[in-house]
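Working notes, structure below.
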Amino acid sequence: HAKQTGRKQWREFDPKFKQITDRQRQIEQDLKDAIQNEVITAWFQPQMDLKSGAVVSFEALVRWLHPRFGYISPPEIINAAQATNLSQALTVLIARNVCALLKALPDRDFSAATVALNISPREFAIYNVAKMLDDVTAAHGINRQRIEVEITEEAILDPDIAGEQLRQMETSGYKLALDDFGIGYSSLAYLISLNIGRLKIDRSIITNISESSVNQALVAAMVGFGRALDVEIVVEGVETADDVKALTAMGCDVAQGFYYARPMPADALMDWLQQASNLAQNDSAHRASA
Ligand code: C2E
Ligand code: MG
Ligand code: MG
Ligand code: MG
């Protein structure tokens, strides 16, 4: 009788369950070397100013092409790092990649561009993120104002854990962004007390925005909120020309999404930026001669 089979037994004999644990174990085992040998790296996705169309910033996103499993998703990497005490080592690697990108970006167009990295909520409880960033930026001679730290509402819900480090980061000059905004439950009053420079509205609210009047109302409210507090509204998950049109009309400031570019390795990003700048030059040359 299948019904008499207990949950525990079912788990033990389900080959799918076993496969998952084997995979986890293997990933945890391989993680340290992958960090040390920099098989894991940050890829970067550009963020566009919706008014000028210029690339104004970038987000670093962790990528790991595993020899056996293919690309491992960021949440799976983050979880494995937490399970193996490698959270700090992983974020140090990403922070170094961020500094390297800032150095490689051509000064002519990007002297004020910022690069964002993600810090998961639990990291603040594991080590001093602010101090780590100070150390890495000092070693690379990077202006801290050019680094943006993306945190989620979960991190600021526990002010005891993140509060002091957030203040420390603010003092050091990092920019702060609140990621995945709109799907959690931040106290708006508390948000105001932190020096958040950007609100990143969650992708689930943005994609196909022109087809959802509820989501349009949400974004409109957030744009009003952003204006009143002098906080930039960033939209992520922008996938179509219709999305761009609607979000521009609503007054959003910065956009990120597959419509513009997918996350890519640093060298591919350099090529992409060069092409984008060539296109813009041709464009203005056309206009000048027309
Ligand atoms: P996030 O910080 O909200 O990052 C945005 C995610 O949306 C990225 O997924 C990006 O590839 C994806 N994305 C961007 N534009 C579009 C679009 O137009 N359509 C769709 N469908 N997706 C788009 P990714 O790289 O898989 O990362 C997922 C999440 O994992 C991130 O969400 C972030 O919470 C976390 N994460 C990624 N890299 C890191 C990292 O280095 N450290 C930490 N702590 N977390 C990271
Ligand atoms: Mg993010
Ligand atoms: Mg997000
Ligand atoms: Mg997210």
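The values are calculated or read from the model by the stated rules, or taken from the named source; none is laboratory data. Every value quoted in this text rests on a predicted model; they were computed, and no experiment measured them. Cβ: placed from backbone, ideal geometry, glycine included. Neighbour counts: every protein chain shown. These accessible areas exclude ligands, DNA and RNA; they are computed on the full protein's heavy atoms, side chains included. Shrake-Rupley method; radii C 1.70, N 1.55, O 1.52, S 1.80 Å.
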Task: For the chain, with +1 on Lys and Arg beta carbons and -1 on Asp and Glu, the positive-most of 274, 141, 40 along the dipole - done: 40
TODO: Quick one: accessible surface of residue 23, probe radius 1.4 Å, all protein chains present, in square angstrom to the nearest 10.
DONE: 70 Å²
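Nothing charged except the Cβ atoms of Lys and Arg (+1) and of Asp and Glu (-1): what's the magnitude of the dipole of region 184-250 about its Cα centre? Round to the nearest 20 debye. Could you put the intermediate results ahead of the total?
Numbers: 5 positive and 8 negative charges, 41 e Å.
The dipole magnitude comes to about 200 debye.
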TODO: Stick to the Cα atoms of the chain, pair each with every other, and give me the Kirkwood hydrodynamic radius in Å at one decimal.
DONE: 20.8 Å
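Please find the FRET efficiency linking residue 220 to residue 26, where r is the Cβ-Cβ separation and R0 is fixed at 51 Å, and quote it to the nearest 0.05.
On the way: r = 47 Å, r/R0 = 0.92.
It comes out at approximately 0.60.
How much length is gained if the chain between residue 210 and residue 89 is pulled fully straight, taking 0.36 nm per residue apart and subtracting their Cα-Cα distance, in nm to one decimal? Please list the in-between numbers first.
Working: separation 121, 0.36 × 121 = 43.56 nm, distance 4.14 nm.
This chain segment gains 39.4 nm when fully extended.
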Open item on the list: Using DSSP to call loops (not H, G, I, E or B), can you name the chymotrypsin sites (Phe, Trp or Tyr not before Pro) in region 109-171 whose Cβ has at most 16 other Cβ atoms within 10 angstrom?
Closed with: 127
TODO: Run the accessible area of region 138-264 with a 1.4 Å probe and give the carbon-and-sulfur part as a rounded percent.
DONE: 50 percent
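Report the full-extension gain for the segment residue 154 to residue 249: residue separation times 0.36 nm, less the Cα-Cα distance, to one decimal in nm.
Details: separation 95, 0.36 × 95 = 34.20 nm, distance 3.05 nm.
Taking residue 154 through residue 249 to full extension adds about 31.2 nm, to one decimal.
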Task: Rounded to the nearest 20 debye, dipole of the chain from Cβ charges on Lys, Arg, Asp, Glu - done: 620 debye
Task: Average accessible area per residue (Å²) across the chain - probe 1.4 Å, nucleic acids and ligands excluded - done: 54 Å²
Open item on the list: Please give the Cα centre distance for region 136-207 versus region 33-79, rounded to the nearest Å.
Closed with: 19 Å
Open item on the list: Under a crude label model (7 Å from the Cα following the beta-carbon direction), how far is residue 229 from residue 33 in nanometres?
Closed with: 4.6 nm
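When only Cα pairs under 8 Å and 6 or more residues apart are kept, what is the percent relative contact order across the chain? Working shown, then result.
Working: 396 pairs, mean separation 46.2, N = 290.
Once divided by the residue count of the chain, the mean separation gives 16 percent.
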